[in-house]
Amino acid sequence: MKFDGKNFTIVDTADFYLKFSNASDGFPVPIAALPDGRVCLTRTYDTTDVNFYPEVKHHIRFYNQDGTYQNMNLEVKGGHQNEYKKISSIYPETNEKIWFTTDENTWHDGVAYLSCCSGISLYENNEWIVFDENNGLPFKKNYDSSIIYDPVYRIAKINKNNYIVNATKMIYTMGPDNKLKPNDLLNLGRNSTVIRATGFDQEYQYANYFKMINSPEGANKLHSNQGEIIAYKNEVWIKTGRGILTFPQNVILSVDGNETKQGENLLIYPNPAVDVLKISDNSNYSHFKIFNILGREVISGNLNSSEIDIEKLNASPYFIIIYDLNGNRHVQGFIKQ
């Protein structure tokens, strides 16, 4: 259906209930609007066959505003062309550059479970670029030696030269060369703030979520219910099933060329704080800036003492960036009560 601001109009109908649904969990498939007005979504099945996994003729459909459309097959590494592709997100960077991320499609072949078709596929200037190990995407093998790449859930461009990529075991940074760079999840967890936690996990558990998995072999993993990635000014927001995670961009990448350090010898406390933030050692640091959750600078100053007055701040999550004498930055999230 299409909504023009006043009325809903039926654009297309389905004669099979899974045509616009994710067969593995029943949720609607991803949909995205292109700058030129076209709408792209996954076309799951093109048959009324009672077979639950019929042949897939087309994976993607581009709708025009008049209701006409064009079909297209999604290209991936691994699997067969007519197999169902579990598209986790569609991200149109431009009309001619559209990113598709895919989760695993898993089935039992009578001997063992097989998986296929996960990863990243880029459709740019009418050609497909499919990521593999040369892009830094990890992979494993099924029992029949076929390759399965790590599932990827979201990709988003956060500034001129950098993307964030959420995969099953890692949050990557990627530049224009399409090379995935693993981030230090320990540092990410240390410098993140949870705006809201949902489900069974308490906020303090979620804050430690990344700290527990500082390697791809960790016990936990990032889940496919990760939602949208939003970049606003110098901050990144990631909506997930466990809460909303926020952190400054420079926690995971160097925006202006200065190195962002973890600050292992720097202690900023207490957290949460009421009136004052204390700095364990201010002798090697020159100045600081504090940002709210919208990325707006609210306090800045020189580090003339080991205490920073935050009494006038509203109760909310914040980020403090402390600059050392070499211009490098040390970032930490904190909560003002």
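The values are calculated or read from the model by the stated rules, or taken from the named source; none is laboratory data. This is a predicted model, so every value here is computed, not measured. Heads up, the Cβs are rebuilt from the backbone with ideal geometry, glycines too, and the neighbour counts pull from every protein chain shown.
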inquiry  = Just the residues that are out of contact with any strand residue (DSSP E or B) (no Cβ under 8 Å at 6 or more places or on another chain) and over 25 Å from Val29 (Cβ atoms), please, taken from the stretch 103-155.
reply    = Gly110, Val111, Ala112, Asn134, Ser145
remark   = Lys141 vs (1) within 15 Å of Ala231 (Cα to Cα); (2) in the same structural domain as Thr106 (by TED's automatic domain parsing): all pass except (1)
request  = From (1) under 30 Å from Tyr269 (Cβ atoms); (2) assigned to a loop (DSSP other than H, G, I, E, B), pick out the condition that doesn't hold for Ile158.
outcome  = (2)
Complete set of residues in the stretch 267-304 that are under 26 Å from Val236 (Cβ atoms) and of a type in the set (S, T, N, Q) = Asn271, Ser286, Asn292, Ser300
ask   = Out of all the residues in the stretch 149-165, is one or more farther than 22 Å from Ala231 by Cβ, in contact with a Gly (Cβ under 6 Å, 6 or more places away or on another chain) and in contact (Cβ under 8 Å) with a residue 12 or more places away in the chain?
value = yes
task = Answer yes if at least one residue in the stretch 45-67 is modelled with pLDDT under 85, in the same structural domain as Pro92 (by TED's automatic domain parsing), of a type in the set (S, T, N, Q) and under 25 Å from Tyr153 (Cα atoms), and no otherwise.
result = no
ask   = Only one residue in Asn134, Asn73, Asn64 is surrounded by 12 or more Cβ atoms within 10 Å (Cβ to Cβ) and free of Cβ contacts under 8 Å to residues at least 24 places away in the same chain, so which one is that?
value = Asn73
message = Any residue that is in a strand (DSSP E or B), surrounded by 15 or more Cβ atoms within 10 Å (Cβ to Cβ) and either modelled with pLDDT under 90 or not assigned by TED's automatic domain parsing to the domain that holds Ile31 (or both) - is there at least one of those in the stretch 115-131?
response = yes
task = Could you tell me whether Tyr149 is more than 20 Å from the chain's Cα centre (by Cα) and of a type in the set (Phe, Trp, Tyr)?
result = no
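Looking only at strands (runs of 3 or more DSSP E) that lie completely in the stretch 272-337, which have at least 3 residues being surrounded by 14 or more Cβ atoms within 10 Å (Cβ to Cβ) and not hydroxyl-bearing (Ser, Thr, Tyr)?
Output list reads 276-279, 285-291, 316-324, 329-336.
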